[in-house]
Amino acid sequence: MRLLLIEDEKKVSDLVARALRAESYAIDVAEDGARGWQLAQSYEYDLIILDLMLPELSGAELLRRIRRDNQQVPILVLTARAATADKVQQFEAGTDDYLTKPFAVAELIMRVKALLRRGPIARSSVLRVGDLEVDRLSKQVRRGGRRIELTAKEYALLEYLAANPGRVFSRTMIIEHVWDQSFEGLTNIVDVYVRHLRSKVDDPFPVKLIRTVRGVGYGLAESTEG
Ligand code: CA
């Protein structure tokens, strides 16, 4: 197992590197973002530990670049910023775990081991049906590269259908997945939402993706033949 540690505080990197080597991991240390990026491109690491506040190239930028190239490598972020918004942003950018400074080295080791046990992470957050893209992480929908604005419920319905293209879902199944237990309306709410969805996802495009199967329910076309 070969790990990359990108951390400019020598005290921290020495401590972490020593502890990881004691656990028999090979570990390369980069003291700034530019060097970290250079190493990340040069070797295939099993895991990357990344400090967010770095000279040369910020940790956030580095995270974006690493994820653009390599979807699989687990990334553990070290951060002094503990605000929830920051954490959410990091996870959206492709962080697998984070530790807030100051941290106990024993906890870092534990988290590293847990991430390595999971192995390379399948991270395809984007569902694709024809030219439709549903990004489950950012909750953004595009068709033919064009952004489509949906309400939360419309999005949830589309995501449910897009996860299984070609499959037909009954109104009851859709309600159970897209609405919650407090829903007491009629199942024709599904028809209403499918209509909304169609007007945004299908109407502006020549190829229609949303299928109605009479007496059964709705689905997304598996192929884009109509
Ligand atoms: Ca730092």
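The numbers here are math on the coordinates, done by the rules we state, and not lab data. Just so it is clear, the model here is predicted, and its values are computed rather than measured. Using ideal geometry, Cβ is built from the backbone for each residue, glycine included, and neighbour counts are taken over all protein chains shown.
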Subject >> Between segment 88-115 and segment 166-226, the Cα center-to-center distance that results, in Å >> reply: 39 Å
Original post:
Are there GluC sites (Glu not before Pro) in segment 1-101 that DSSP marks as loop and that have at most 15 other Cβ atoms within 10 Å, and which are they?
Top reply: Glu9, Glu23, Glu44, Glu56
Subject >> Pairwise label distance in nanometres, Val207 with Gln41, each label 7 Å out on the Cα-Cβ vector >> reply: 3.5 nm
Original post:
Relative to a virtual label point 7 Å from the Cα of Asp180 in the Cα→beta-carbon direction, which members of segment 130-152 show backbone nitrogen distances below 17 Å?
Top reply: 152
Original post:
Using only Cα atoms, what Kirkwood radius does segment 2-118 have, in angstroms?
Top reply: 13.9 Å
**OP:** Report the FRET efficiency, 1/(1 + (r/R0)^6), for Met1 and Leu137, where r is their Cβ-Cβ distance and R0 is 35 Å, rounded to 0.05.
**Re:** 0.80
Original post:
What is the projected area of the convex hull of the Cα atoms of the chain, averaged over all directions, in nm²?
Top reply: 15.1 nm²
Subject >> Charge dipole of segment 2-118 about the Cα centre (unit charges at C-beta), most positive-ward option of Ala106, Leu76, Gln41 >> reply: Ala106
Subject >> Choice from Val112, Val141, Val216 with maximal GNM fluctuation in the chain (Cα, 10 Å cutoff) >> reply: Val216
Subject >> Under-5 Å amide H pairs with Ile6, H placed in peptide plane, nonlocal only >> reply: Ala30, Ile49, Leu50, Asp51
**OP:** Sequence neighbours fewer than 8 away in the same chain don't count; with that in mind, list the aspartates and glutamates whose C-alpha is under 16 Å from Lys153.
**Re:** Asp135, Glu176, Asp180, Glu184, Asp191
**OP:** Filter the GluC sites (Glu not before Pro) in segment 124-226 down to the DSSP loop ones having no more than 10 other Cβ atoms within 10 Å, then list what survives.
**Re:** Glu149, Glu184, Glu225
Subject >> Over the chain: helical MRE at 222 nm, DSSP H runs n ≥ 4 each giving -39500 (n - 2.57), nearest 500 >> reply: -12000 deg cm²/dmol
Subject >> Mean Cα-pair separation over length for segment 1-109, i.e. relative contact order, pairs under 8 Å, 6 or more apart, % >> reply: 25 percent
Original post:
For Glu56 and Arg198, what is the calculated FRET efficiency with R₀ set at 41 Å and r taken between the beta-carbons, to the nearest 0.05?
Top reply: 0.25
Original post:
Between Ile27 and residues 5 or more places away or on another chain, which pairs have amide H atoms under 5 Å apart, with H built 1.01 Å from N, and which residues are they?
Top reply: Leu3
Original post:
Within the chain, what's the longest stretch lacking chymotrypsin sites (Phe, Trp or Tyr not before Pro) that sit in DSSP loops with no more than 14 other Cβ atoms inside 10 Å?
Top reply: 44-182
Original post:
Given 0.36 nm per residue, what is the gain on full extension from Glu222 to Ala104 after removing their alpha carbon distance, in nm?
Top reply: 37.5 nm
Original post:
Relative to the longest principal axis of the chain, what angle (0 to 90°, nearest 10) does the C-alpha long axis of helix 188-201 take?
Top reply: 70 degrees
Original post:
Cross-link list Lys11/Lys139; Lys87/Lys208; Lys87/Lys139; Lys87/Lys113; Lys11/Lys113: which exceed 29 angstrom alpha carbon to alpha carbon?
Top reply: Lys11/Lys139; Lys87/Lys208
Original post:
P(r) tail for segment 126-220, what percent of Cα pairs lie past 24 Å?
Top reply: 14 percent
Subject >> Helix 59-69 axis, angle to the chain major axis (alpha carbon atoms, nearest 10°) >> reply: 60 degrees
